[in-house]
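Chemist: Supplied in structure tokens, the structure appears directly below.
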Amino acid sequence: MAAVFAFDESEMDMDFGRSRRRSVSSVNSREDIWAPSPLMDDQPFAASEHLAGSYNGSNSIPIIAEVDEAVSEITDGVAKMGSYLKNQQFMPDDSLGTSYQVDISSDYIDSNLAGIADGIKRKMTTSDFEYIKVLGKGAYGKVLLVREKATGRLYAQKQLKKASMMVRKKLVEQTKTERAILESVRHPYIVKLFYALQDQHRLYLFLEYAQGGELFSHLASEKMLSEPVVSFYAAELVLALTHLHTVVGVVYRDLKPENCLLDSQGHLVLTDFGLSKVSSDGGECKTFLGTPEYMAPEILLGKPYDFAVDWWSLGALCYDLLTGTPPFTGNNYKRIVEKIQKTKLVLPYYITAEAKDFLTRLLRKEPKKRLGGNIPDDLSTIRKHRFFRRIDWAKLERRDPSVVPPIVPIITNPILAENFSDEFTSMALSPPGSGLEIPGADQNGSYSKDDTFANFTFTASNSFIENAMNNVGGY
Ligand SMILES: Nc1ncnc2c1ncn2[C@@H]1O[C@H](COP(=O)(O)OP(=O)(O)OP(=O)(O)O)[C@@H](O)[C@H]1O
């Protein structure tokens, strides 16, 4: 095995009964994961990241982001949405090519000046936070539960190693783009970014702490979920995806149970916008860590794709939640890909006619025939589907307190992180050098002279953080 991934073997998949699935973009090249197939010959590998988009809206934060070459062939669907965005003046300026730019609006504080609302101007640094527990691990680093010393507020701090990212230049741009997407997205069912800091070795994203843990864990312990439960989380995902597609202009592309967290009340929090999804590009990797189980056939075929891929993934995710397994499985990547491309969908007898119809429409191999393949037209059809007959969309959309989620996490004390795997929460926060050190070398906030990560730093306004912490909007 000649693995050249930018993370340790020890950081790879762990066994939770259901094993976690890494995204396909964790793979170095198409050859790493595909045995030759006549169907796939000469097809470009399109496991690229999200289409760049822009967001404007009331907070006026346009993002001009790089569109990965591998998905530069934008299909009809995106073009259609593009014109929609253009009409709304949301369209990025294509002429800027690979540049990256975020305009900070009045809702955000320029640079990393925290406490400005209180008249105190100072730089936030990692030493403003204390480390409490490890919550989990991703491809490029760890996620820690941290507490802001001055306020006692809790955050999930995602750490990304700069060295891992520097191995591949494109990854740096992508990381910045992803950070910008997180910064601009404001939606009740999408994770919120509060701070982005850096020191010499790492980037740090301070995210909303999803106290309820992973939907993945609930699925793993229950094996499968009932239709009302699945339709509830699917509805919140419909709202999140609709926002990403129609307001932000982003194809999420990586929908799977592992990326669906729950907040303290049990509402869904869509997380992981691909920051830790791409491997270093050493070119020698023969190890496949990802799995395509939720990926649309057009992505796996290397075809240009659009927002419809997310609706396929929603279908695959709902199928998984309802039955305990994704719709197309196999012992290896090639087998799964073949099944996704060629095998007819088989629906178990015990799911309702409404669920069967919903899944069949989402899991159509031809994107144009897929429910969600024609947005924005399909969005109302999705909402009106009988699978969602119990959903009050207006209430769900405004996160009405009368809507009680079907899984209410048990939380006796948020700092105990009871809804996270012991595997992580019992880990000691080790001394420097052990790989899990508390950042200390650069606590004064000084960065390396290299300006690769210039403009990464970000601080949300105090009012936004406060509202979000109290669940009183700010979207
Ligand atoms: N905002 C958050 N709140 C609480 N826990 C989180 C949060 N974000 C991530 N985690 C925890 O940390 C784990 C790692 O998250 P991360 O987003 O880095 O990567 P991943 O999606 O699990 O892995 P990969 O990116 O390699 O697929 C998650 O599975 C989750 O348990």
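The values are calculated or read from the model by the stated rules, or taken from the named source; none is laboratory data. Here the structure is a predicted model, which is why all the values come from computation and not from measurement. All Cβ positions, even for glycine, are placed from backbone atoms using ideal geometry, and neighbour counts span all protein chains on display. Ligands, DNA and RNA are stripped out before the accessible areas are found, and what is left, the full protein with its side chains, is counted by its heavy atoms. Shrake-Rupley method; radii C 1.70, N 1.55, O 1.52, S 1.80 Å.
Chemist: Of the residues that make up segment 367-388, is at least one assigned to a loop (DSSP other than H, G, I, E, B) and open to solvent by 70 Å² or more (accessible area, probe 1.4 Å)?
Modeler: Taking every residue of segment 367-388 in turn, none turns out to be assigned to a loop (DSSP other than H, G, I, E, B) and open to solvent by 70 Å² or more (accessible area, probe 1.4 Å).
Chemist: Answer yes or no as to whether Lys277 is at pLDDT below 85, within 12 Å of the ligand (Cβ to nearest atom) and either more than 30 Å from Lys162 (Cα to Cα) or of a type in the set (Lys, Arg) (or both).
Modeler: So Lys277 passes the test.
Chemist: Now a separate question. Please verify whether segment 156-165 includes one or more residues that are of a type in the set (Ser, Thr, Tyr) and in contact with a helix residue (DSSP H, G or I) (Cβ under 7 Å, 6 or more places away or on another chain).
Modeler: No: zero hits.
The rows are residues; the columns are (1) over 17 Å from Leu197 (Cβ atoms); (2) within 16 Å of the ligand (Cβ to nearest atom); (3) modelled with pLDDT under 50.
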{"position": "Leu85", "(1), (2), (3)": "yes, no, yes"}
{"position": "Pro92", "(1), (2), (3)": "yes, no, yes"}
{"position": "Ala117", "(1), (2), (3)": "yes, no, yes"}
{"position": "Thr126", "(1), (2), (3)": "no, no, no"}
{"position": "Val134", "(1), (2), (3)": "yes, yes, no"}
{"position": "Val146", "(1), (2), (3)": "no, yes, no"}
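Chemist: Would you tally the residues in segment 251-274 being out of contact with any Phe, Trp or Tyr (no Cβ under 6 Å at 6 or more places or on another chain), near the ligand (Cβ under 7 Å from one of its atoms) and at pLDDT below 95?
Modeler: Number of matching residues: 3.
Chemist: Working only within segment 320-355, note down all residues that are open to solvent by 60 Å² or more (accessible area, probe 1.4 Å) and in a helix (DSSP H, G or I).
Modeler: Lys334, Arg335, Lys342, Ala353
Chemist: Quick one: count up the residues across segment 126-146 that are open to solvent by 10 Å² or more (accessible area, probe 1.4 Å) and more than 23 Å from the chain's Cα centre (by Cα).
Modeler: Selection size over segment 126-146: 5.
Chemist: Let me ask another. Considering each residue of segment 196-216, count those that are open to solvent by less than 10 Å² (accessible area, probe 1.4 Å) and more than 10 Å from the ligand (Cβ to nearest atom), and give that number.
Modeler: Of the residues in segment 196-216, 6 are open to solvent by less than 10 Å² (accessible area, probe 1.4 Å) and more than 10 Å from the ligand (Cβ to nearest atom).
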